[in-house]
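Remarks on the structure that follows.
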Amino acid sequence: IDERIKALTDQLNKYSHEYYVLDQPSVPDSEYDQLLQELIKLEEAYPEKKQAHSPTERVGGKVLDGFTKVTHERPMLSLANAFNEEDLRDFDRRVKAGLDVDDVSYVAELKIDGLAVSLRYQDGEFVRGATRGDGEIGEDITQNLKTINSIPLKIDEPGTFEARGEAFMPKTSFMHLNKAREINEEEPFANPRNAAAGSLRQLDSKVAAKRHLDIFLYAIGQWENRSMETHSADLTYLRSLGFKTNTEWKDCQTIDEVIAFIEHWQVRRADLTYEIDGIVIKVDRLSYQERLGRTAKSPRWAIAYKFPA
Ligand SMILES: COc1nc2nc(N)nc(N)c2nc1C
């Protein structure tokens with residue numbers, strides 16, 4: 001029985017990764033559902049044999065009467081903003097002056113319009129998910145984050161590992177949710193960001209489970225075995241661990257390439273299945289990030305270009 005429960009758990013988590021992260025399911029939904037039903041029955045019969053990373057965790061658990069507070073060991077900073085080309089060139093000049101180098105490569109990423117969250121893993125198990133809060137103190141929303149199917153419940157990484165990213169509601173989920181709310185004469189959400197925030201702050205994770213939220217991870221927070229040289233290597237590593245990262249990021253050798261990337265997405269963003277409110281530019285070399293450091297609330301090695309509203 002033990003073996004069967006473990007085998008079903010790992011198999012279903014693998015299918016889930018293929019479907020929700022790689023968008024390449026290898027089995028039909030009917031086979032997934034059949035195996036899930038078998039696991040549910042086995043866990044009901046032998047509850048003590050249920051694995052911590054069981055996919056049956058996805059449907060939501062008990063209703064909480066409040067959120068416990070979480071202290072972020074590494075503060076979750078907010079980004080300084082840029083609104084035009086001049087701001088971007090000023091940022092580039094400041095970075096080069098601060099490092100006393102004249103060639104700095106950047107990574108440009110889509111700025112997902114959602115809610116910043118932190119996912120903490122202990123010896124491979126997803127043990128805690130939290131909101132950014134004020135950057136130092138956030139709220140424990142683990143139960144709600146477990147309902148996001150693209151979040152792996154288990155990863156192959158020993159010790160403490162923290163992934164950070166943006167939880168969001170895809171545009172189609174947002175439209176369907178608001179249509180349902182209008183039918184129920186409930187107040188519609190103003191935008192997908194508010195809908196995602198409202199969904200993740202539900203005390204009843206069964207409600208969050210129905211909101212079809214998704215997530216893109218974009219940084220590694222706490223990591224005992226930190227070993228990468230660049231941010232782009234971190235993004236590649238996150239993907240290799242099974243996390244959903246946004247594939248539209250680009251290595252830019254100059255700020256001109258960044259500006260071209262911004263112009264490209266300023267037009268193309270309407271075609272995306274999720275809302276973005278800008279482009280985030282980060283110095284790629286991690287040792288350079290260390291040297292540039294941070295202000296009280298923002299890193300000096302990154303900036304968020306905001307699209308005109
Ligand atoms: C390094 O800090 C950050 N990086 C980010 N990257 C992307 N792509 N999107 C964000 N919203 C974002 N937000 C923050 C605070």
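Coordinate-derived values only; no laboratory data. Since this is a predicted model, take the numbers as computed values, not measurements. Positions of Cβ are generated from backbone atoms using ideal geometry, with glycine treated the same way; all protein chains shown enter the neighbour counts.
Checking Asp204, Asp214, Asp271 one by one, the residue that is under 30 Å from Val59 (Cβ atoms), over 20 Å from the mean Cα position of the chain (by Cα) and among the charged types (D, E, K, R) is Asp204 and no other. Only residues that are in contact (Cβ under 8 Å) with a residue 60 or more places away in the chain and part of a strand (DSSP E or B) were counted across region 117-139, and they come to 11. Looking across region 67-89, the residues that are in a helix (DSSP H, G or I) and either of a type in the set (Lys, Arg) or surrounded by fewer than 14 Cβ atoms within 10 Å (Cβ to Cβ) (or both) come down to Glu86, Arg89. Only residues that are over 23 Å from Ala304 (Cβ atoms) and either within 14 Å of the ligand (Cβ to nearest atom) or in contact with a Phe, Trp or Tyr (Cβ under 6 Å, 6 or more places away or on another chain) (or both) were counted in region 107-138, giving 1. Being among the charged types (D, E, K, R) and surrounded by 14 or more Cβ atoms within 10 Å (Cβ to Cβ): is that true of Lys41 here? No. The listed residues are Gly124, Gly135, Gly165, Gly159, and the only one of them that is closer than 21 Å to Glu18 by Cβ and surrounded by fewer than 22 Cβ atoms within 10 Å (Cβ to Cβ) turns out to be Gly124. Of everything in region 287-309 that is outside any loop (DSSP other than H, G, I, E, B) and within 12 Å of the ligand (Cβ to nearest atom), the residue that is surrounded by the fewest Cβ atoms within 10 Å (Cβ to Cβ) is Arg294.
When Val101 is tested against (1) over 30 Å from Gly242 (Cβ atoms); (2) of a type outside the set (D, E, K, R); (3) surrounded by fewer than 17 Cβ atoms within 10 Å (Cβ to Cβ); (4) within 16 Å of the ligand (Cβ to nearest atom), only condition (4) is not met. Filtered by the rule that a residue be among the polar types (S, T, N, Q) and touching a Leu at 6+ places or on another chain (Cβ under 9 Å), region 207-249 gives Thr230, Thr245, Asn246. Output yes when any residue across region 167-188 is part of a strand (DSSP E or B) and within 14 Å of the ligand (Cβ to nearest atom), and no when none is. Yes; the residues of region 167-188 include at least one that is part of a strand (DSSP E or B) and within 14 Å of the ligand (Cβ to nearest atom). Residue pairs whose Cβ atoms lie under 7 Å apart, separated by 6 or more positions or on different chains, with the first residue in region 259-274 and on the phi < 0 side of the Ramachandran plot and surrounded by 13 or more Cβ atoms within 10 Å (Cβ to Cβ) and the second part of a helix (DSSP H, G or I) and of a type outside the set (D, E, K, R), are Ile259/Leu88.
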